[in-house]
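The values are calculated or read from the model by the stated rules, or taken from the named source; none is laboratory data. Note that the structure is a prediction, hence the values are computed from the model and not measured. What goes into the accessible areas is simple: the full protein's heavy atoms, side chains included, and nothing from ligands, DNA or RNA. Shrake-Rupley method; radii C 1.70, N 1.55, O 1.52, S 1.80 Å.
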Amino acid sequence: GGETHVIISTCLPRVMNLEPLKLSYLSGVEAMSLMLPSGKDYTVAEMDALRTIEEKLGRLTLGLAIIGGILSELPITPSRLLDTINRMPLKEMSSWSSKEAHAFRKNTFLLQLFDVCFSVFDHADGPRSLATRMHTRYRENIRRLVCGEDC
């Protein structure tokens, strides 16, 4: 294989001991382009649902790209996806440190989106799916990213 370049973006200042490169937030047009599947036209109501999703995600590129992937691959409208994410219960945070809980409370919609994704994969692959195993690991990895070794 060829060389690969990876860009890691975060709003968290303590993820790595690197000099941060300050990037501006995405514009509304750029954010919408990450979510809109090519070749699909949406009604005004569906576009409003996408704007609500964009706002709830705080224009986080990872979340916007996941939304775009879901809308491209699954037969679901933006309003139905928004409703599904909103209905996803938040996982219990009482076992997390106060630093973790604070960071996650600022991104609850993104956590709910992750849980929707894992739920879709579990439904498709059954209870012993890769998604179930990944789900337990992703929470631990996110804890490390948010708090480093301080948690």
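Within the stretch 66-75, is even one residue within 30 Å of G39 (Cα to Cα), modelled with pLDDT of 60 or more, open to solvent by 70 Å² or more (accessible area, probe 1.4 Å) and charged (D, E, K, R)?
Looking for residues that are within 30 Å of G39 (Cα to Cα), modelled with pLDDT of 60 or more, open to solvent by 70 Å² or more (accessible area, probe 1.4 Å) and charged (D, E, K, R), one finds at least one in the stretch 66-75, hence yes.
Could you check how many residues of the stretch 79-105 are within 15 Å of the chain's Cα centre (by Cα), at pLDDT 90 or above and open to solvent by less than 60 Å² (accessible area, probe 1.4 Å)?
Residues that pass the stated criteria total 5.
Just give me the residues in the stretch 121-133 being open to solvent by less than 60 Å² (accessible area, probe 1.4 Å) and either outside any helix (DSSP H, G or I) or modelled with pLDDT of 60 or more (or both), in sequence order.
Once the filter is applied, which keeps residues that are open to solvent by less than 60 Å² (accessible area, probe 1.4 Å) and either outside any helix (DSSP H, G or I) or modelled with pLDDT of 60 or more (or both), the stretch 121-133 yields D122, G126, S129.
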